[in-house]
Amino acid sequence: MDSCEVVYVMQGIFVMGIITTLLSTGIIGGIICKKSKGEDRETLLMTFLLGIPVFFFAYYLLRLPLDFFLKNILSNYAGTYIFFQSFYAPLTEELSKLLVIVLPFIYRKTQKSNLHFFAFATGLGFGVGEIWFLATSFLKTLKSQRYHGIFFQVS
């Protein structure tokens, strides 16, 4: 595989990340904006923007340490370890999203009638962060496979 094919794959990943980000933000963000009250929109935008780095917080500061801990104590119990892995996303991701909602300047704006908009905005931001995490992770995997001689061919 020559360097042109590697660049093509890399560009494709980023193009897909851009398309996914624009579509999800445009559609879901548009619905949130259209259905929410005007006075909430600025805080909803801030909630969305704060949701983006929360994915990285959840993954690197919660999920990986939890995995390291469980892997060490359950090293002789593979089935139990795999069972507990199924709870990583709900335990780390949902708690992290909740951290955005309980920030004082956001929490003050939430009411029973608009809480779902704040939840959607946080989840949308979290999802955008995850999109870019997956794109960069895929690139790292491709690069490491290329260096180890097991890179797949792009036709």
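Figures for the structure shown
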| read-out | value |
| --- | --- |
| Local electrostatic count at Arg41 - Lys and Arg +1, Asp and Glu -1, tallied over other residues with Cβ under 13 Å | +1 |
| Gain upon complete extension [Leu49, Ile27; 0.36 nm per residue less C-alpha separation] | 6.3 nm |
| Cα gyration tensor shape of the chain, rounded if a/c is under 1.5, else prolate or oblate by comparing a/b with b/c | oblate |
| Proximal charge balance of Gly127 [Cβ under 11 Å; K/R count +1, D/E count -1] | -1 |
| With Cα atoms, 0 to 90° folded angle of helix 3-24 axis to the chain main axis | 20 degrees |
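Bear in mind these aren't lab numbers, they're just calculated from the coordinates by the rules spelled out. None of the values given here were measured: they were computed from a predicted structure. Positions of Cβ are backbone-derived with ideal geometry, glycine not excepted, and every protein chain shown enters the neighbour counts.
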